[in-house]
Each structure stands twice: as structure tokens, then as C-alpha cells.
1. Mind putting a number on the dipole of the stretch 1-112 about its Cα centre? Charges go on the C-beta only, +1 for Lys and Arg and -1 for Asp and Glu, and I need it in Debye to the nearest 20.
2. Given the options GLY250, GLY139, GLY120, state which has the largest fluctuation in a GNM of the chain using a 10 Å cut-off (strictly under) for Cα springs.
3. Would you work out which of PRO121, LEU91, ALA29 lies farthest towards the positive end of the dipole of the chain, given +1 charges on the beta-carbon of Lys and Arg and -1 on that of Asp and Glu, about the Cα centre?
4. Using the 10 angstrom Cβ neighbour count as an exposure proxy, how do PHE172, PHE233 rank, fewest first?
5. How do SER184, SER45 rank when sorted from fewest to most other Cβ atoms within 10 Å of their own Cβ?
6. Compare the Cα positions of ILE106, ASN292, LEU307 along the charge dipole of the chain (+1 at Cβ of Lys, Arg; -1 at Cβ of Asp, Glu; about the Cα centre) and return the one farthest towards the positive end.
7. Within the chain, what's the longest stretch lacking trypsin sites (Lys or Arg not before Pro) that sit in DSSP loops with no more than 16 other Cβ atoms inside 10 Å?
8. Take the alpha carbon gyration tensor of the stretch 115-253, find the square roots of its eigenvalues, order them as a ≥ b ≥ c, and report rounded if a/c is under 1.5; if not, report prolate when a/b exceeds b/c, else oblate.
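Throughout, read-outs are computed from the coordinates displayed, never taken from laboratory work. Computed from a predicted model, the values in this text were never measured in an experiment. Backbone-built Cβ (ideal geometry, glycine too); neighbour counts: all protein chains shown.
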Amino acid sequence: MQRYRIAVIAGDGIGREVIPAGKAVLEAAVAGSAELVWTDLPWGSDYYRETGAMMPADGIETLKGFDAIYLGAVGDPPHIPDHVTLWGLMLPIRKALDMHVNVRPIRLLPGITGPLRDKGPADIDMIFVRENTEGEYAGVGGRIHVGTPYEVALQTAVFSRFNVERVVRYAFELARTRRRHLTSVTKSNAQQYSMVFWDEVVAAVAADYPDVEVQSLLVDAAAALMVRAPERFDVVVASNLFADILTDLGGALMGSLGLAPSANLTADPALPSLFEPIHGSAPDIAGRGVANPLGAIWAGAMMLEHLGEADAAARVMRAIEATTAEGTTLTPDLGGTASTDQVAERVIAHLSAS
Ligand code: NAI
Ligand code: MG
């Protein structure tokens, strides 16, 4: 029987509620065919309070020993500043393990009433490929004359040909497995260096994919079009910041941010990729057991697929869809009254029935 070693960083807030729910579903999905060996890593804000760091100094080395990483969320506002929690764990992991793309499906699930009148599951089915290691989140910059009236802050976006090209190529390959339509999101009118460069890379890579139709949109127009005509999107490739923002909009189009999953895929197959819901630690609802676990469960399905357990992954997806289609066991963000665990149990019940 195949064994997979999975590092678990449940993290903070509702991360600690949705990840156990996800683990239970994944266990049920592979029962009898594969073994998931979980290692819980107690990293995050409590670890920071005890040690002054979000993870140990050798944390990255530790992660390299696993087949995959399953993460909830980190962040403990207002107690610890968000840039400390994010730069102490998530962003260094993405960079150090070369997780060049962040893949984020945005899909209206059956039975869910999204906020867009007249738009159903056939209209909202797109997948974002987010540049994940540089761009606006490269971490290049600094502050001088701190605290003075003439203080200056610089945050420089970084776009390298090597990286943009591989991210764009990934998006074209993905488009070939879907409706062969790619939207590239930029802001080339205002950002005449980085985004014009991005457009040039897209045009160059497009020459290798004559079968994929390319649409280029400015990010503000893309935001409006996602609301007005979401059916015009299939695969979307965008910079780190733009895709971060547009996928929260996408989560809203899905009916809840709690439904949206993501995969941080490493470019080096010897390194583990990381799977997480796109939402954060949601301190406003944490500790009450009402967080929606479906985004975390879906992220788990993406992890199973990545590990080579395509069958189990597809069964998890069908069980998620059966749960939303049925509509009796949903968390409050979707208008229901069920708890996190009840939703997970319902998904497991559908798994067993399939
Ligand atoms: P958030 O995603 O945690 O919450 C935004 C809103 O969506 C809240 O009203 C929340 O209750 C709701 N929500 C989110 N997930 C939900 C779920 N599964 N079920 C039901 N409702 C859900 O974003 P926010 O409040 O801006 O950030 C909170 C903290 O999370 C911050 O520290 C932020 O930096 C961190 N964060 C961490 C991420 C990560 O670890 N990858 C990603 C995004 C934010
Ligand atoms: Mg985000």
C-alpha cells in the first residue's frame, strides 16, 4: 500500500478547525488503498509567542522531508501584525520550496446560490494561476528615515523572465486540459515596465500554443468582468497581488470564501507542494466550530490528485458536490446551521455511499 508523509500546519484560528475536518475526509477517501501519515507541526502564532518565530530556524529543511504539506491558515490579528505572521511562515515557504504557481479553482458548486443573479454553475468555472514567488510580494524594498516626516517606504515588484515564463507556460498547459482559453491579467497602461514585459512573455509563449485563445485584460476591467460575465473566464494567469485580490472576489462569487481551495505547486518534483484553503484564520468566527471546511477539504482533494491518488481525489470532489447539492448540511456562511464537523461527516457519508 502506498504511504504518503504529509506535514500538517493547521496554524491559527479556524485553520485548527477546518484541517482536522479535512484530514478525516481524506482518511476516509483513501481507506484501504493508501496510507496517509500525518505529522502535525505546531507552528504559527502560539509558536511565535513562545519562541519569537513562526516556525523553527530549520523549518524549511523539515518540510523538505515530506511528500506534501497541508496548511490551514496563519494570522492572529490584532495581537500579532499580519506582515509578521505572513512573512514568518507562508511567504518564506513558498519561496524556499520554489512553489512557483498557486492554482486556485473558482467554481460555483451545485446547490449553492451565489451572489450573481442569473449565473449558475455553468457560468462560474474558472481557474487562476497565480505567480507565487516574486512580483509584488518579492519582499524587495526598505524604509529609511523611519518615524520622521521625511520617511520613505519602497516596495519593489520583481518580474524575472525565467519565472514569468514558466508560470505562463503552466497556465497555457492547463488551458489545454480545459476550454483552451487563457486570460492574462495585467495593468500595462500604468505599469509600463513590468506589465508590458509580462505581456511580451505571454505573447512569446502563446506562439507555442496556437490552439489556445488568449485574452488580455487590465486588472480593474477584469474585476468588473468577473462580476458581469464570469463565463468569459476559463484559465486566468496573473501576478501575485492581482491574483490574490481577484481570487478573493472569486471566492465571493462561489458563495463563500470558505469554499475556495488552492495548491502551491513546486517547480521541483523532489520538493513537497502545499495545499490550503484560500481563506485566512477568520478570527471573527474562530473557536465556535462553525467554519466552513469545504475549501480545506477541496484543497485536500487537490493534494490527493497531486500525490497520484486521482480516484480518491475525484471521489472527494463528488462527495463535496453531493453535500452542497443536497443543501441540508451547510455552515452558516452558506445559510445553514451545521457545524464544521457535521459538514465533514456529511461529506464522509457521501463518500461511503459512492
Ligand atoms: P479571512 O479569510 O480570515 O476572513 C475573511 C471573512 O471571510 C471573515 O468574515 C471570515 O469569517 C470569512 N471566512 C473565511 N473563511 C471562512 C470559512 N472557512 N468559513 C466561514 N467563513 C469564512 O481574512 P482576514 O479576516 O482578512 O484575515 C484574517 C487573518 O488571516 C489575517 O491575519 C490574515 O493575514 C490571515 N490570512 C492568512 C492566510 C494564509 O495563511 N494563507 C490567507 C489569508 C489571510
Ligand atoms: Mg488572499
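1. Values: 10 positive and 13 negative charges, 80 e Å.
Around 380 debye, computed over the stretch 1-112.
2. Greatest mean-square fluctuation among the candidates belongs to GLY139.
3. PRO121
4. Values: PHE172 21, PHE233 26.
By the 10 Å Cβ count, ascending, the order reads PHE172, PHE233.
5. Working: SER184 25, SER45 22.
If I rank by nearby Cβ atoms, fewest first, I get SER45, SER184.
6. Projecting each Cα onto the dipole axis, the largest value belongs to ILE106.
7. Numbers: sites that count: ARG117, ARG178, ARG179, ARG180, ARG288.
Answer - 1-116.
8. Values: a/c = 2.54, a/b = 1.48, b/c = 1.71.
Oblate.
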